[in-house]
Amino acid sequence: MDLQELAKSNGEWLRGSGPQSDIVISSRIRLARNLADFPFIARATDSDRDEIGRILRERVEKLHVAGRFAGQLIYVDVRALEEVDRKFLVERQLISREHAEADGARGVVIDPREQVSVMINEEDHLRLQVMKSGLDLTAAWEQINELDDLIEARVTYAYNDRFGYLTACPTNVGTGIRVSVMLHLPALVITRQIDKVFRSLQKISLAVRGLYGEGSQATGDFYQISNQVTLGLSEDELIKKVADVVPVLIDYERQARDFLIRESQETLHDRVSRAYGILRTAQTISSEETMHLLSSVRMGVNLGLINDLEIPTVNQLFIHTQPAHLQKLAGVELDTSDRNIERAAYLRRHLNGDRPRADHN
Amino acid sequence: MKCQKCDKPATFHITDLVDGKPNELHLCEDCAHKFLAPAVDEASESLPAMAGLLAQHLAVGETAEELARLDECTCPVCGITFLEFRKQGRLGCPHDYVCFANELEPLLLNIHGETRHVGKVPKRCASNAEQQTQLIRLRRQMKEAVTAEDYERASSLRDEIRTIESAREIKT
């Protein structure tokens with residue numbers, strides 16, 4: 001697969017379309033599955049891993065002849081990739097950070113639209129993932145359920161009637177499902193209500209993480225809400241649990257935005273304009289600062305405070321200014337300080353005047 | 001007054017109790033915010049939390065002897081001991097859910113609030129789960145035989161594995 005080509009596009013999750021896409025960035029469902037006749041990864045020998053990898057690669061790649069996956073599914077040997085390429089796949093959310101940093105035989109099967117990714121030899125033998133732009137858990141579930149059925153027809157999954165799908169970690173056993181929705185919540189952060197929101201989500205056993213799984217002060221005000229429990233509730237019930245809370249969060253965020261517009265429009269407008277100004281003129285800028293400022297700009301575009309910029313362009317800047325993307329686009333390896341200079345130059349090129357249109361896929 | 005943690009003006013004056021003694025803190029809004037709502041360390045979430053949960057759960061109603069005996073329980077299929085699982089927070093093979101079922105149940109109740117699966121069932125269930133786990137055991141034994149340079153045993157184990165594998169290939 002040509003990662004260089006991939007680097008130029010936005011990928012599915014930052015496409016910036018789909019229902020409620022001003023606040024909901026993407027909907028994602030993951031399933032953890034294991035083969036019945038091999039030990040879990042932590043206990044697998046190198047030859048087990050090679051064998052698991054070989055079997056699963058062959059079975060999953062063959063799916064391109066079946067049903068909705070007609071077209072190409074592409075296998076990427078993650079072990080053989082350069083570090084920058086592994087990080088690149090993490091930035092695009094096609095593999096987990098753990099998968100990038102692990103040792104031993106491992107890979108990922110990706111569809112060119114980047115909606116489907118199947119990690120092989122991660123913590124479990126298989127981690128299926130389907131991602132949709134905007135709020136669309138129903139479509140994500142339909143697709144991943146079908147993918148799971150297709151794979152299941154070709155292998156025997158580790159499953160028992162009592163505990164369901166058996167996983168390496170008991171926190172995933174049962175359905176093996178992780179349903180998550182990524183939201184952009186800058187106004188709740190500015191009005192300092194975000195912690196209150198987290199606490200109430202934790203009470204109903206939903207987890208909150210940042211964009212790349214980090215702690216409570218998430219980069220760029222992106223937050224992922226996901227289910228914590230996987231056993232004792234059906235897939236539909238678990239999806240509903242997440243789906244039910246999202247409209248409430250969207251409503252809170254909208255109320256917070258209304259409040260800011262009503263009570264302190266000048267302050268808000270000033271914040272947005274300054275952020276835009278810095279991004280258009282900076283000569284060196286870190287990834288964190290970029291994310292922070294782009295977050296204000298993104299909200300500014302959604303609230304009509306910035307009129308010469310579109311959301312897909314802003315989304316593209318979010319991903320293209322990440323360290324590995326920046327290096328892929330520049331075509332050279334860069335250290336931190338060179339990256340900060342290149343990032344600033346990239347932002348100036350794309351935010352001033354002759355801006356190339358964002359790739360809408 | 002300046003914030004004790006940075007140079008901004010202190011607007012929050014907090015009295016915190018440390019070991020029963022009052023401790024005066026003067027912080028700016030940002031630092032007070034951080035102090036009052038400390039960031040959750042997400043990275044440490046899965047492993048130590050799991051180990052902690054296990055330790056917590058096992059500490060209740062288990063004597064040291066019982067715990068020691070439990071820790072020595074070994075899965076006959078993959079060879080993992082319960083102690084190894086407690087340390088790593090990761091199980092060794094699907095059969096662990098059978099052989100450690102009674103130990104896992106209270107842990108699962110703690111994590112999920114439930115102990116029985118509800119939801120999707122694979123259409124093609126492992127008709128013979130024993131045969132599946134047998135393969136895991138045989139491969140492990142073969143590797144051990146090779147390490148011990150017992151090639152005769154290794155070769156008979158390899159034949160056994162191939163027989164099961166090819167019988168399965170025909171079925172699928």
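Read-outs throughout are calculated quantities, based only on the coordinates presented, and are distinct from any laboratory measurement. Since the model is a prediction, treat every value here as computed from it, not as a measurement. FYI the Cβ positions are ideal-geometry reconstructions off the backbone, even for glycines, and counts take in every protein chain you see.
List the equivalent ellipsoid semi-axes of region A:232-300 in whole Å, largest first, each obtained as the square root of 5λ for an eigenvalue λ of the Cα gyration tensor. The partial results should precede the final answer.
Working: eigenvalues 230, 72, 7 Å².
Gyration-tensor ellipsoid for region A:232-300: 34, 19, 6 Å.
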Which of A:G210, A:P186, A:F163 sits farthest toward the positive end of the charge dipole of region A:150-225, with +1 on the Cβ of Lys and Arg and -1 on the Cβ of Asp and Glu? A:P186
What are the residues whose amide H is under 5 Å from the amide H of A:G164, where those residues sit 5 or more places off or on another chain and H is modelled from the backbone? B:H117
Give, in whole angstrom and from largest to smallest, the semi-axes √(5λ) of the equivalent ellipsoid of region A:173-251, with λ running over the eigenvalues of the Cα gyration tensor. 23, 13, 10
Within 10 Å of each Cβ of B:73-85, how many other protein chain Cβ atoms are there on average? 2
In vacuum, with every alpha carbon of region A:118-171 counted as one equal point scatterer, what does the Debye formula give for log10 I(q)/I(0) at q = 0.19, 0.28 Å⁻¹? Two decimals, please. -0.81, -1.20
For region A:205-361, just run the numbers: alpha carbon Rg, then divide by 2.2 N^0.38 Å, N being how many residues it has. 1.20
Can you find, among A:L147, A:G18, A:A330, the residue sitting farthest towards the positive end of the charge dipole of chain A, where Lys and Arg contribute +1 and Asp and Glu -1 at Cβ? A:G18
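Please list A:293-301, A:334-342 highest first by mean number of surrounding beta-carbon atoms within 10 Å per residue. Please report the intermediate quantities before stating the final value.
Values: A:293-301: 23.8, A:334-342: 14.9.
Per-residue Cβ counts within 10 Å, averaged per peptide and sorted highest first, yield A:293-301, A:334-342.
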Set the bar at 24 Å for Cα to Cα. Now go through A:K62/A:K328; A:K87/A:K132; A:K8/A:K62 and name every pair that lies beyond it. A:K62/A:K328; A:K8/A:K62
Given the convex hull over the Cα atoms of chain A, what projected area results after averaging over all orientations, in nm²? 17.6
